[in-house]
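Written below as structure tokens is the structure these notes are about.
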Amino acid sequence: MKPHPSGRPRGIRGAAALGLAAAGALLVGLAATPSGAADAAGPVLRDLAQAQGKYYGTAVTASKLNGTYADIAGSQFNSITPGNEMKWESVEPSRGTYNWSGADAVVNFAQAHDMEVRGHTLVWHSQLPGWLTGGSWTADQLRTLMTDHITTEVGRYQGKITHWDVVNEPFNEDGTFRQSLWYTKLGPSYIADALRAARAADPDAKLYLNDYNTDGTGAKSDGMYNLVKSLKAQGVPIDGVGFQGHLILGQVPSTMKANLQRFADLGVDVAVTELDIRMTLPATDAELAQQKADYRAVTDACVAVSRCRGVTVWGFTDSDSWIPDVFDGQGAATPYDEGYRPKPAYYGIAESLGWTGDGGDPGDPDPDPTTGCTVGYTVTSQWNTGFTANVTVKNTGSSPVNGWQVAWAYPSGQRVTSGWNATVTQSGAQVTAANAPYNATIGAGGSVSFGFNGTWSGATPRPPRSPSTARPAPRAERPAVRLGGPDGTPPRRPGDRAWKSA
Ligand code: G2I
């Protein structure tokens with residue numbers, strides 16, 4: 001593989017954090033709020049995938065391929081799918097008049113960044129030009145229009161497209177054939193004819209059928225399975241099956257791996273071609289953690305099936321996703337947020353592909369070198385004016401902590417209303433949570449959690465690291481910090497430099 005022309009992605013993880021004052025002035029940081037593409041030491045999905053013998057791909061919008069969007073697409077992914085630019089209405093908006101500008105832009109970008117291209121899509125019921133859907137064609141005329149279109153488009157990109165979605169979404173939910181323009185006029189033979197025309201136009205491209213809601217076993221997947229089996233038996237050129245993977249949070253089919261494997265056992269490749277995992281907005285930290293697990297599970301299924309060629313996400317950033325346009329109130333479906341910050345889902349993919357570094361999400365905080373403690377801050381639920389949060393303090397050191405406080409400042413006017421398992425007080429933006437009598441001691445390797453309800457309006461960004469987080473609190477703050485346990489006993493944590501200097 002050539003080196004990535006755009007180099008390694010730029011710095012990702014900003015230093016946002018909470019401060020923990022354990023028994024006086026111990027301070028630890030919580031890694032949170034990534035703020036860019038990926039840092040030099042962060043995972044690179046394309047390299048991790050390649051090491052597994054797979055690709056990791058993304059759908060893109062050709063007109064956005066510049067700046068940070070292009071940097072991430074080209075450096076993190078080694079396969080690309082034009083989201084719309086190769087569809088019939090895009091390339092042949094009026095009969096015999098072709099517009100290849102968007103499609104060419106994607107193919108050129110792929111070549112410049114050493115990426116494979118998934119061609120999407122030749123024969124579909126949707127995004128067809130009006131002249132085609134509005135015409136009154138005989139079956140022979142329509143078949144010729146279809147095969148000519150395939151010959152022209154596949155021929156244009158011969159040798160440059162690794163995989164073609166030749167026929168897209170041919171099934172109804174019950175596994176019967178969709179009553180598309182193609183099926184109603186031509187019957188099921190349109191599928192074999194399309195595959196043969198594509199093979200003739202580019203013998204090296206891998207030819208796929210592609211559909212949604214076929215990810216797990218079920219009636220629709222059975223329809224696809226039976227079709228592939230019969231095409232194989234007739235010697236029709238079919239190389240692979242694409243499983244789109246438009247999923248709902250927490251609903252990765254438990255049969256996904258087995259389903260991919262049963263198709264592979266028919267003698268075809270498989271791929272996850274349009275992965276996204278949607279949720280109701282606004283997304284909570286708990287939902288983003290679930291999404292991480294879901295992205296990981298889908299990627300795991302592909303990794304576990306040797307004939308799974310790779311996974312493509314349907315847009316890598318929440319700013320370039322079809323979900324909010326189609327599902328009211330839903331979104332946050334991709335691995336990067338709208339500001340191009342990697343979400344926990346990104347790390348879920350990376351971990352599935354073998355990444356063992358920092359998970360970069362609220363559940364995976366970095367220990368603070370001064371205290372050996374970590375603080376994890378998670379919004380567990382959120383509604384229009386309120387939220388519930390959970391904070392976990394983990395003692396990663398080798399001796400107990402006796403008495404602790406956690407301090408942070410809210411950036412956007414959030415107010416704590418009531419807490420539990422700690423005494424949580426707020427003054428201005430500054431919040432302090434002090435241990436309850438019964439959880440003052442955190443054993444070596446142990447952790448404690450507390451929670452609270454709060455109010456918000458406008459936005460609820462995570463509390464950022466205060467400038468004082470990584471060092472002892474300034475002297476002026478010391479009187480506010482209670483040393484030791486609730487009975488006034490001094491903390492006994494060896495090596496607590498901050499406490500000793502207090
Ligand atoms: O619908 C999600 C995907 C399901 N599987 C096949 C995919 O090809 C399909 O992709 C989406 C694109 O991501 C959307 O971007 O297909 C949609 C059309 O069915 C695309 O949406 C269309 C909008 O509906 C149009 O208003 C818009 O002009 O995108 C067009 C180009 O931006």
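Report, by residue number, each residue of region 108-155 that is among the aliphatic types (A, V, I, L, M) and touching a strand residue (DSSP E or B) at 6+ places or on another chain (Cβ under 8 Å). Show your work before the answer.
Quick first cut of region 108-155, residues among the aliphatic types (A, V, I, L, M) only: 110, 112, 115, 117, 122-123, 128, 132, 139, 142, 145-146, 150, 154.
Selection gives Ala110, Met115, Val117, Leu122, Val123, Met146, Ile150, Val154.
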Condition set farther than 26 Å from Gln244 by Cα and aromatic (Phe, Trp, Tyr), scope region 120-157, selection farthest from the ligand (Cβ to nearest atom): answer is Trp137
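Quick grid of which residues meet (1) crowded, with 20+ Cβ neighbours inside 10 Å; (2) of a type outside the set (Asp, Glu); (3) in a loop (DSSP other than H, G, I, E, B):
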| position | (1), (2), (3) |
| --- | --- |
| Lys229 | no, yes, no |
| Gln261 | no, yes, no |
| Val272 | yes, yes, no |
| Arg278 | yes, yes, no |
| Pro282 | no, yes, yes |
| Leu288 | yes, yes, no |
Within region 232-255, how many residues turn out to be buried (at least 20 other Cβ atoms within 10 Å of the Cβ) and within 21 Å of Pro188 (Cα to Cα)? 5
It is to be established whether one or more residues within region 217-227 are over 21 Å from Pro253 (Cβ atoms), polar (S, T, N, Q) and either part of a helix (DSSP H, G or I) or within 15 Å of the ligand (Cβ to nearest atom) (or both). no
By residue number, the members of region 308-332 that are near the ligand (Cβ under 9 Å from one of its atoms), among the polar types (S, T, N, Q) and surrounded by fewer than 23 Cβ atoms within 10 Å (Cβ to Cβ) are none
Kindly check whether there is at least one residue in region 164-179 that is closer than 27 Å to Leu45 by Cβ, in a loop (DSSP other than H, G, I, E, B), in contact (Cβ under 8 Å) with a residue 24 or more places away in the chain and of a type outside the set (S, T, N, Q). yes
Test result for Ala301, closer than 23 Å to Tyr347 by Cα and either more than 13 Å from the chain's Cα centre (by Cα) or not in a helix (DSSP H, G or I) (or both): yes
Quick test of your reading of the structure: Lys87 fulfils all but one of (1) within 21 Å of Met146 (Cβ to Cβ); (2) surrounded by fewer than 21 Cβ atoms within 10 Å (Cβ to Cβ). Name the failing condition by number. (2)
When you scan region 256-275, how many residues do you find that are more than 24 Å from Tyr190 (Cβ to Cβ) and within 16 Å of the ligand (Cβ to nearest atom)? 2
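Restricting to region 167-193, name every residue that is within 16 Å of the ligand (Cβ to nearest atom) and not acidic (Asp, Glu).
Of the residues in region 167-193, the ones within 16 Å of the ligand (Cβ to nearest atom) are 167-173, 178, 180-182.
Within region 167-193, Val167, Asn168, Pro170, Phe171, Asn172, Arg178, Ser180, Leu181, Trp182 meet the criteria.
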Within region 55-83, residues being in a strand (DSSP E or B) and of a type outside the set (A, V, I, L, M) number 7
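Each value in this text was obtained by applying a stated rule to the coordinates, not by laboratory testing. Bear in mind the structure is a predicted one, so any value in this text is a computation, not a measurement. Backbone-built Cβ (ideal geometry, glycine too); neighbour counts: all protein chains shown.
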